[in-house]
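Where a number appears in this text, it was derived from the coordinates with a stated rule and is not lab data. Predicted model only: the values in this text are computed from it and were never measured. Reconstructed Cβ throughout: ideal geometry from the backbone, glycine too, with neighbour counts over all protein chains shown.
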Amino acid sequence: MNNIGYLLLNGYALLILSILCLIFFLKKRLKKMEDQTYAKILVLSLITLIIGLILGIVVSNNNVPVIIQILFNKFYLAGLSVIITYFTFYTYIISSKNNDLEEKYNKINKGVFVFLITVLLIIILIPAQFSQKNMMIEGVSVYLAYGIISILYLLITYFILKNIINIKNKKYIPIILLVLEGIVSVIIQLIYPEVNYLINPSIVVNCLVMYFTVENPDVKVIEQLNIAKDQAEKANHAKTDFLSTMSHEIRTPLNAIVGFSESLKEEDLPESALDEVNDIITASKTLLDTVNGILDISKIEANKIEIINSNYDFHKIFNELVVLSKARLGEDRPIEFRYELASDTPKYLYGDYARVKQVILNFLTNAIKYTNEGYIDFRVRNITSNGICRLIITIEDSGIGIKKESIDKLFDKFERLENENSTIEGTGLGLAITKKLVELMNGKIIVQSIYGKGSQFMVIIDQKVVNVKENKEVEKSLEQEKITNDLSNKKILIVDDNMMNLKVAARLLKQYNLQIEEADSGFKCLDLINGGSSYDLILMDDMMPKMNGKETFKKLKENPSFNIPVVILTANAISGMKEQYLAEGFNDYLAKPIEKPELNRVIKKYLDK
Ligand code: ADP
C-alpha cells in the first residue's frame, strides 16, 4: 500500500464527511426512521474513517506492537460491518410497504442492536493474525466478518429486487451504488489484495450521494410539507363538496318558501295573514343570510371571493339601506334611527356595489340587533379629490357596547361575545366576512365602543368617481335595465324536476307576460326540442335525477342547428361554480333562490330585443 496516497485520500474523505456531518446536523431534521438511520450511518462512517486513518499510520510504523495493529484492524472491520448493517436496515425501511413500521421502530432497532453486538464480539474475540505482506489481518474472524458483510449485501439486493417496481424512485440510487461498489471492491480485493484504500472514500461518496438525492433535510421538510398540503387540500375539497351539497339542500326549499311568500303578498289577504306572510319572508331571508354567510366564508378561505366593479348609483344604495334598516328596526322599539348622506357625495361611483352594500348592511344590522333603546346613527361623509371618493361611513349606536378586551376578537369567525347564550340571533360570521371584504376593497374599519353605552363602527373605502360626462351614460345604462319591449310573443322553457321550483319560477316570470312551458326532466326537454318546439330561452336546472342539466345540455348541443340560449339555474352557488358552468358552454347562470334583479338582467339580455 502506498501509505502517503492512502493517508492523503482518506484525509480528504474525512474532511468532506466532517463538513457533510456539520451541514446535516445543523439543519432542522425530521424524526422519521429513515432520517434517524441516515444520521447513524453518517456518525458511524465518520468514526470508521478516523479509525481507518489511525490504522494507516499504525500499520506503517514498525515500532507499534502487533497486538495494537491487529486491534485497530479489527476495529476498522467492525466499523465497516456496522455501516453495512445500517445500510441494510435503511434499504429495508425504504423498500418496506409496511405502514406501521414507525410504530415498531424501537423493537426493530433493538433487533439490529443485538445483531451488531454479536457481529462485533465475533470480530473482536475470535483470533486473527497480522499479515506483514498485505499489512492487514487474516484468519477466522476476518472471514466471518466478510461472510456477514456478504450476507448483508445479498439482503440489500433482495430488498431492492423485491420492490423492483419502485426502482425509479431516487431513494434507490445510493443503495444500488453501494451494491455496485461492494461488488467492485470484492473483485479488486481478489485481484490486488493490497489495494484497500478505496473503501473509505467510497463510503463518503455514498453518504454524499444519499444526502443530495434523498436525505437533504430541506428537501425532506419540503416533501413533508407537500404531503401535508395535499392532505389539507383534500380535506378542503371535502368541505367544499359538503358545503355545495348543503347549500343546494337548503336553498332549494328556501327558493320555494321565499318565492311563494313574495307572491302571496300580492294577493288580497286579510291583515293578520299578511303579517304572518311577512314573518315567513323575514325568517326565510334570515336563514338565507346564514347559508350565504357560510358560503361567503368558505369562498374567502379558498381565496375565491371576487370584487366585481361596475358603475353604480351610491345615493340609491344609501336610500335602499335606510329603507331596509327601518324595516328591520320596526316601529315599536324605542330607538331613533337617524341618517345623513352628505350632500356633496358623488352620485355615481365605480366599485363593487353589492359588497359595499353588504358591508354597510352588516354594521347596520348589528347596530339594530345589539341596541335596545336610544338611537342608531348612520352617516356618510366623503373626501373627494383627483377622481377618488373616500367614503367615510359611520354607524353609531347606543347599544350594549363591547368590552375593551373583546374588541380584538370581534372580527374572528364564529366569535360571538358574551351574548353567546342570549336570544339575539347570529352566527358570528358577519364581521369576519365584513373585515375580509373591506380588506379586499383596500379599505379600513375603525371600532370604538364603551361597554354598556354604545359602539361606533367607521368604514373607510375609496371608490372611483364617475365623471360628469359619463354620468349621463351611466344614468342611461342603469335606466336601460328596465324592459322596454312587449315580451308576450317570446317563449321560454323551464326545465326542473321539482314541481315547486317550476311553480316558483313561473310565478316570478309572470310579470314579464311571457309564454312559459315546463319540462320536469332532461328527457322531456330533449323530446320537446327534438320534436321541433322552438323557444327563445331555456332555464335549465342542474341537479336532476338520471340526466342532469349538464348532460341534457350536452345532448342538446349534439344537434348542430341548436342555437337557443340556455341559462343554468342552480342552487349550487358555491364559489367557482359560475365559471365552471360558463366553461361548459352555458350562456348564463342564475343562482337559486332566484333574485329579481338577476332574473331581470337575464330576461333583458336574452329576450328584450
Ligand atoms: P353575529 O352578529 O352574527 O353574532 P358578527 O360577526 O356580526 O356576528 O358580530 C360578532 C359579535 O360582535 C356579535 O356576536 C356581538 O357580540 C358583537 N357586536 C357586533 N356588533 C355590535 C354592536 N353594534 N354592538 C355590540 N356588540 C356588537
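For the reader, a short list of remarks on this structure follows.
- Contact order normalised by residue count of the chain, Cα under 8 Å, 6+ apart, percent: 10 percent
- Semi-axes of the equivalent ellipsoid for the range 310-480, computed as √(5λ) from the eigenvalues of its C-alpha gyration tensor and ordered from largest down, come to 30, 17, 14 Å.
- Counting all C-alpha pairs of the chain, share separated by more than 34 Å (%): 63 percent
- Between Ala228 and Thr282, the modelled label-to-label distance comes to 4.8 nm, taking each label 7 Å out from Cα in the direction of the beta carbon.
- Compared with the direct C-alpha span, the chain from Gln580 to Arg601 gains 5.5 nm at full extension, assuming 0.36 nm per residue.
- Of Ile176, Asn513, Met458, farthest towards positive along the dipole that unit charges on Lys, Arg, Asp, Glu beta carbons give the chain: Ile176
- Computed from the C-beta positions of Asn530 and Ile16, the FRET efficiency with R₀ = 51 Å rounds to 0.10.
- Spin-label model, Ile54 to Ile124: label points 7 Å out along the Cα-to-beta-carbon direction sit 1.3 nm apart.
- Using θ = phi - 60° and Karplus 6.51 cos²θ - 1.76 cosθ + 1.60, couplings along the range 39-49 (whole Hz; Gly, Pro as x): 4, 5, 4, 4, 5, 5, 5, 4, 4, 5, 5
- Environment charge of Leu80, counting only residues whose C-beta is closer than 14 Å and scoring Lys/Arg +1, Asp/Glu -1: 0
- Charges were assigned to the Cβ only: +1 to each Lys and Arg, -1 to each Asp and Glu. The resulting dipole of the range 3-217 about its Cα centre is roughly 600 debye.
- Cα-based helix-to-principal-axis angle, 353-369 vs the chain, degrees rounded to 10: 80 degrees
- Between 0 and 90°, nearest 10: helix 596-606 axis offset from the chain longest Cα axis: 90 degrees
- Sparse packing (at most 16 other Cβ atoms within 10 Å of the Cβ) combined with a DSSP loop state is found for the following trypsin sites (Lys or Arg not before Pro) in the range 522-592: Lys546.
- Residues Tyr92, Tyr192, arranged from fewest to most other Cβ atoms within 10 angstrom of their Cβ, appear as Tyr192, Tyr92.
- Take the Cβ atoms of Ile450 and Glu266, set R0 to 30 Å, and the FRET efficiency comes out at 0.05.
- Å³ per residue enclosed by the Cα convex hull of the range 3-217: 117 Å³
- Using θ = phi - 60° and Karplus 6.51 cos²θ - 1.76 cosθ + 1.60, couplings along the range 538-550 (whole Hz; Gly, Pro as x): 10, 9, 10, 6, 8, 7, 10, x, 6, 10, 7, x, 5
- Estimated purely from DSSP H runs of n ≥ 4, each contributing -39500 (n - 2.57), the mean residue ellipticity at 222 nm for the chain is -19000 deg cm²/dmol once divided by its residues.
- Pairs beyond 25 Å (Cα-Cα), from Lys74/Lys104; Lys357/Lys464; Lys265/Lys596; Lys491/Lys550; Lys546/Lys578: Lys74/Lys104
- Looking at the chain, the DSSP beta bridges with both ends there are about 60 percent antiparallel.
- Full extension of the chain segment joining Ile188 with Arg379 gains 59.6 nm, where the gain is 0.36 nm per residue of separation less the Cα-Cα distance.
- Burial ranking of peptide ranges 9-16, 231-238 (average Cβ count within 10 Å, highest at the top): 9-16, 231-238
- Around the Cα centre of the range 491-606, unit charges on the Cβ atoms of Lys, Arg, Asp and Glu (plus for the first two, minus for the last two) sum to a dipole of about 280 debye.
- Rounded tilt (10° steps) of 271-301 against the dominant C-alpha axis of the chain: 30 degrees
- Calculated FRET efficiency for the pair Glu558/Thr157, C-beta based, R₀ 60 Å, to 0.05: 0.55
- Dipole magnitude for the chain: computed about the Cα centre from +1 point charges on Lys and Arg Cβ and -1 point charges on Asp and Glu Cβ, it is near 2400 debye.
- The range 491-606: Cα Rg divided by the 2.2 N^0.38 Å rule of thumb: 0.97
- Label point of Ile23 set 7 angstrom out along Cα-Cβ; within the range 217-233, amide nitrogens under 18 Å from it belong to 217-223.
- Its residues counted as N, the range 222-301 yields a C-alpha radius of gyration over 2.2 N^0.38 Å of 1.68.
- As a rough guide to protection, the peptides 498-505, 392-399, 333-340 ranked by mean Cβ packing within 10 Å, highest first, stand as 392-399, 498-505, 333-340.
- Rough spin-label spacing in nm, given labels placed 7 Å along Cα→Cβ, for Asn109 and Lys409: 4.2 nm
- Local electrostatic count at Tyr146 - Lys and Arg +1, Asp and Glu -1, tallied over other residues with Cβ under 14 Å: 0
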